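> One structure is given below, represented as structure tokens, and several questions about it will come after.
The values are calculated or read from the model by the stated rules, or taken from the named source; none is laboratory data. Just so it is clear, the structure is predicted and the values come from calculations on it, not from any experiment. In this analysis, Cβ positions are derived from the backbone assuming ideal geometry, glycine residues included, and neighbour counts consider all displayed protein chains. When the accessible area is computed, the model is the full protein with side chains, heavy atoms only, and any ligands, DNA or RNA have been set aside. Shrake-Rupley method; radii C 1.70, N 1.55, O 1.52, S 1.80 Å.
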Amino acid sequence: MTPPVDVTRFHNAQVAPIVPGSVIIEANVTDEGDSRTIEYATYSAAILRELQRVGFTEARDDAKNSQYVARYTIDRAVLSAGGSRSPISVGVGGSTGSYGSGVGLGIGINLGGQPKDKIVTELSVRITKRADGNVVWEGRASVEAKQGSPAAQPGLAAAKLAEALFKDFPGVSGATIRVP
């Protein structure tokens, strides 16, 4: 089971409707070589698939003549599960009353092991018109998954994030939704 995705989108579709057209997908990276990695290719394919689902077409022959440019950024971070607590805890309690007094001792053993770190993956996409550079739509989607789980793997995260981001495109501007 994959965890839910939090999605926030911004646009002015009420004022200027977004008319799908030809689009090129570009990774927003600092080193040109990074955009050619398998991970970025996976995200590019997932974003293109979702844009095609909502009516855009891929600008293949002459990308410089595309109507839109969809630039994206991927951010991944590790949320630490916390310190190293002992798996054994001891509790002592006592009471006094009209019928006597007593002392109790309890021992707890955590057999579940240490909690795992979480991987937070965020995908941000900005669609601009090539002709004038105006942003027509932007959004971000993020998901948290336990380290080592299938949902923390880049391939599954790419598909899940892109699908959630473009669900009900263009979406309600400024609202954050949770997509199961």
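> Taking a cut-off of 18 Å between Cα atoms, list the aspartates and glutamates near Lys118, but don't count ones fewer than 8 places away on the same chain.
Asp6, Asp75, Glu144
> What distance in nm separates the simple spin-label points at Val135 and Asp61, each placed 7 Å from Cα in the Cβ direction?
Each label point lies 7 Å from its Cα, and together they span 3.3 nm.
> Further, regarding this structure: How much FRET efficiency would the formula 1/(1 + (r/R0)^6) give for Thr128 and Gln153, where r is the Cβ-Cβ distance and R0 is 41 Å, rounded to 0.05?
FRET efficiency, Thr128 to Gln153: 0.85.
> Check the straight Cα-Cα distances from Lys64 and name the lysines below 25 Å, setting aside those fewer than 8 residues away within the same chain.
Lys129
> Using DSSP to call loops (not H, G, I, E or B), can you name the chymotrypsin sites (Phe, Trp or Tyr not before Pro) in segment 10-73 whose Cβ has at most 12 other Cβ atoms within 10 angstrom?
Values: sites: Phe10, Tyr40, Tyr43, Phe56, Tyr68, Tyr72; in loops: Phe56.
Filter output for segment 10-73: empty list.
> If you don't mind, there's one more thing I want to ask. Considering only the other residues whose Cβ falls under 11 Å of the Cβ of His11, what net charge follows from Lys and Arg at +1 and Asp and Glu at -1?
+1
> Right, another one. Excluding Arg140 itself, calculate the net charge of residues whose Cβ lies under 10 Å from the Cβ of Arg140, where each Lys or Arg counts +1 and each Asp or Glu counts -1.
Surrounding charge for Arg140 is -2.
> Of all the C-alpha pairs in segment 112-180, what % are more than 19 Å from each other?
Cα-Cα pairs of segment 112-180 separated by over 19 Å account for 44 percent.
> Let me check something: with ligands and nucleic acids excluded, how do Arg178, Arg130 order by accessible area (1.4 Å probe), largest to smallest?
Arg178, Arg130
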